[in-house]
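Read through the structure below, which is laid out as structure tokens, and then see the notes.
The values are calculated or read from the model by the stated rules, or taken from the named source; none is laboratory data. These numbers come from a predicted model, not from an experiment. FYI the Cβ positions are ideal-geometry reconstructions off the backbone, even for glycines, and counts take in every protein chain you see. The area values use the complete protein model at the heavy-atom level, side chains included, leaving out ligands, DNA and RNA. Shrake-Rupley method; radii C 1.70, N 1.55, O 1.52, S 1.80 Å.
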Amino acid sequence: MNILLIDDHAETRREMTALINAEKDLRVLADADTGEEGVLKAYELNPDLVVMDIYLPGINGIEAIKTIRSNNPDMKILTLSNHSGRILVEAVLKAGALGYVRKGSAFEELVPAIRSIAAGKQYLGKGIND
Amino acid sequence: MSIRILLADDHKIMRDGLKSLVEKETDITVIGEAETGKTTVSMAQKLSPNIVIMDISMPDLNGIEATRKIIKTNPNVKIVALSAHADQHFIREMMTAGASAYLLKDTAYEELIRAIREVMKGKKYLSPDIARGVLDAYVKLARPLSANPAFVVLTDREREVLQMIAEGKSTKEIAGEIELSVKTIETHRRNIMEKLDLHSIAELTKYAIREGVTSVDA
């Protein structure tokens with residue numbers, strides 16, 4: 001499964017890439033450090049799944065989700081964020097994301113979350129209330 | 001006419017999130033965004049929004065001070081506090097500063113919309129999780145002040161009987177309603193009169209209304 005990673009922190013991108021590439025059937029196809037670049041790569045490379053931060057410089061995470069989904073309505077998107085307020089989670093899900101995981105629990109939850117949303121099933125991580 | 005909202009939060013993602021949700025309401029428009037307390041105050045003055053959705057922790061001037069300043073210069077602006085803190089201290093400060101509503105960022109979006117609509121009607125709004133804490137604090141404060149004899153001297157049963165007397169019910173009716181004998185009700189009535197040093201049904205009625213045991217329009 002090909003994954004596009006969007007996050008403005010190089011360190012986070014490295015960690016997430018390592019977690020993803022450690023799985024036999026998952027691989028990071030490309031990464032991006034801004035929302036604009038992410039939208040463009042999602043369009044050009046058509047990955048199976050997008051894993052993204054919502055706190056991005058430039059075009060914000062919510063706009064990026066909406067744009068990616070309007071270019072490809074079937075695109076499965078997993079968001080990573082340290083903000084877990086319910087109102088924000090609702091906004092992100094309504095924009096079109098299928099999963100929401102706290103960055104702090106990515107180590108345990110990233111892979112299960114990817115598998116869940118790849119199967120079309122919503123995934124809300126620990127401490128995230130819909 | 002559309003409800004004009006100013007969003008004040010130092011986290012851009014929170015403003016973006018709120019905006020994306022609120023924009024789906026046909027009668028609500030986000031007219032501005034501020035990321036510091038001072039900007040919030042100056043934008044509120046310039047734009048005269050109907051509502052400011054106000055975060056509490058903001059740089060240079062916190063949401064409580066910003067609320068105080070806005071309410072002072074423009075008391076018509078309604079402030080809806082949207083905070084990560086459920087702390088009684090913050091709620092009290094925010095509400096005494098003049099906020100009309102207090103909600104947690106963890107409440108559902110629907111709740112925020114409900115609060116906005118209530119506040120537009122001139123009402124105050126606390127989300128249930130906030131209201132519970134506020135009530136607990138209120139009860140703690142209010143208990144020692146309760147010198148009202150009707151609530152101290154009388155038993156629950158006597159208070160119930162007093163209310164029914166004040167509502168014009170006869171001894172027989174009261175007896176029927178609470179399934180006690182006429183004689184017991186009469187005893188209750190005598191005890192109430194003795195305890196309160198009142199000597200007629202008219203006095204009892206007047207007393208019950210004055211002390212809030214029953215309401216006038218009951």
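Looking only at region A:79-125, how many residues end up being of a type in the set (Ser, Thr, Tyr), more than 10 Å from chain B (Cβ to nearest Cβ) and part of a strand (DSSP E or B)? Talk me through it step by step, then tell me what you get.
Here is the first cut: in region A:79-125, the ones of a type in the set (Ser, Thr, Tyr) are A:79, A:81, A:84, A:100, A:105, A:116, A:123.
Those still in the list that are more than 10 Å from chain B (Cβ to nearest Cβ) too: A:79, A:100, A:105, A:116, A:123.
Narrowing further to those that are part of a strand (DSSP E or B): A:79, A:100, A:123.
Of the residues in that region, 3 qualify.
Before we move on, is residue A:98 at pLDDT 95 or above, of a type outside the set (Asp, Glu) and over 14 Å from residue A:38 (Cα atoms)?
When the stated conditions are applied, residue A:98 passes them.
Applying the selection to region A:65-116, what residues are closer than 28 Å to residue B:83 by Cβ and hydroxyl-bearing (Ser, Thr, Tyr)?
Once the filter is applied, which keeps residues that are closer than 28 Å to residue B:83 by Cβ and hydroxyl-bearing (Ser, Thr, Tyr), region A:65-116 yields A:79, A:81, A:84, A:100, A:105.
When region A:6-21 is examined, which residues are found to be touching a residue at least 24 places away in the same chain (Cβ under 8 Å) and not hydroxyl-bearing (Ser, Thr, Tyr)?
Scanning region A:6-21 gives A:6, A:7, A:8, A:9, A:15, A:16, A:19, A:20.
Does residue A:50 fit the bill of being in contact with a Ser or Thr (Cβ under 8 Å, 6 or more places away or on another chain) and modelled with pLDDT of 95 or more?
Details: in contact with a Ser or Thr (Cβ under 8 Å, 6 or more places away or on another chain): no; modelled with pLDDT of 95 or more: yes.
No; evaluated as a whole, the condition is false for this residue.
Would a scan of region A:53-67 turn up a residue that is farther than 29 Å from residue B:9 by Cα, touching a residue at least 40 places away in the same chain (Cβ under 8 Å) and open to solvent by 20 Å² or more (accessible area, probe 1.4 Å)?
No, the conditions are met nowhere in region A:53-67.
Which ones in region A:85-117 are surrounded by 17 or more Cβ atoms within 10 Å (Cβ to Cβ) and of a type in the set (S, T, N, Q)?
A:116
Within region B:109-125, which residues are free of Cβ contacts under 8 Å to residues at least 12 places away in the same chain and within 16 Å of residue B:98 (Cβ to Cβ)?
Within region B:109-125, B:122 is the sole residue that qualifies.
Need at least 3 residues that are among the β-branched types (Val, Ile, Thr) and in contact (Cβ under 8 Å) with a residue 24 or more places away in the chain per element, so show me which strands (runs of 3 or more DSSP E) inside region B:1-103 make the cut, counting only ones lying wholly within it.
Answer list for region B:1-103: B:28-34, B:51-54.
Can you go through B:2, B:42, B:20 and tell me which one is within 14 Å of chain A (Cβ to nearest Cβ) and among the small types (Gly, Ala, Ser)?
Exactly one of B:2, B:42, B:20 is within 14 Å of chain A (Cβ to nearest Cβ) and among the small types (Gly, Ala, Ser), namely B:20.
Name the single residue that is most open to solvent (accessible area, probe 1.4 Å) among those in region B:161-195 being of a type in the set (Gly, Ala, Ser) and assigned to a helix (DSSP H, G or I).
B:176
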